[in-house]
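Just below is one structure, and these are the notes that go with it.
Where a number appears in this text, it was derived from the coordinates with a stated rule and is not lab data. On a predicted model such as this, the values are computed, not experimentally measured, just so you know. Cβ coordinates were reconstructed from backbone atoms using ideal geometry, including for glycine residues, and neighbour counts include every protein chain displayed.
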Amino acid sequence: MKHSSFNLNEQNLKTESRIVVALERISEAFRVLLWNESKENSLSPIQIQILIFIHFHSLEKCKVGYLADEFNMTKATISDSIRVLLAKELVTKKTDPIDTRSFSLLLTDKGKKIAKKASFFASSIEQPIEKLTEEQKTIMLNGLLKLIYDLNKSGIITIQRMCFTCSFYNAENGIHYCDLLKTKLAESEIRVDCPEYEMIT
Ligand code: SF4
């Protein structure tokens with residue numbers, strides 16, 4: 001029978017299983033923190049996530065289809081959330097001049113205020129990470145990036161904008177290099193959400 005990370009007898013014999021369970025605990029912490037932030041603003045967690053995403057990403061990424069991929073949800077679910085955000089005057093639509101059926105979302109002043117404050121919802125997760133040494137942080141970052149890379153390859157994580165899958169990324173003899181920024185990237189500088197990211201085609 002297949003091994004389960006949640007079987008305590010087996011879990012305590014396998015480091016991988018304990019990492020999986022630890023990640024699950026952390027995802028619970030994200031869920032609770034996001035939920036608290038949502039309640040404060042009488043919004044749902046996904047509506048808060050959309051506002052934060054719009055606040056920090058370029059216009060061409062703030063479209064229904066892209067948001068659906070970003071959050072692994074259907075376009076219909078994202079559209080429902082957007083309807084609420086429009087009704088509450090937290091976002092406005094900017095129609096694409098070439099394709100008038102397509103639009104991007106912009107934050108209103110009211111939406112910006114909420115997004116700015118809500119973007120700190122995970123601060124209490126960042127604080128304990130700050131206490132780690134630089135070496136520990138780099139090891140943790142690299143482990144997580146490799147995990148995201150594999151989950152993306154297997155189709156579980158749809159969208160990511162990290163160096164390892166970027167057309168500008170090069171690696172030789174363990175040295176990471178960005179052809180766009182024309183610079184070496186230290187292990188600790190590998191990006192997880194890069195504004196200049198371009199997917200390998
Ligand atoms: S453009 Fe960004 S994601 Fe791509 S290699 Fe350079 S730093 Fe990494």
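Here are the numbers for the structure shown:
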{"item": "Positive-end residue of Ala171, Ile157, Ala186, charge dipole of the stretch 132-189 with Cβ unit charges", "result": "Ile157"}
{"item": "Residue pairs, from the table Lys75/Lys112; Lys116/Lys137; Lys117/Lys146; Lys39/Lys153; Lys61/Lys113; Lys2/Lys61, whose Cα atoms sit over 32 Å apart", "result": "Lys39/Lys153; Lys2/Lys61"}
{"item": "Percent of Cα-Cα distances greater than 25 Å, calculated over the chain", "result": "50 percent"}
{"item": "Candidates Lys116, Lys94, Lys14, ranked by Gaussian network fluctuation over the chain, Cα under 10 Å, top entry", "result": "Lys14"}
{"item": "Shape call, the stretch 11-103: gyration tensor on alpha carbons, a/c limit 1.5", "result": "prolate"}
{"item": "Förster-model FRET efficiency, 45 Å R0, Glu172 and Glu126, C-beta, rounded to 0.05", "result": "0.90"}
{"item": "Backbone N under 20 Å from the Ile200 label point (7 Å along Cα→Cβ), restricted to the stretch 121-150", "result": "142-150"}
{"item": "Only Lys, Arg (+1) and Asp, Glu (-1) charged, at Cβ; the chain dipole about Cα centre in debye", "result": "640 debye"}
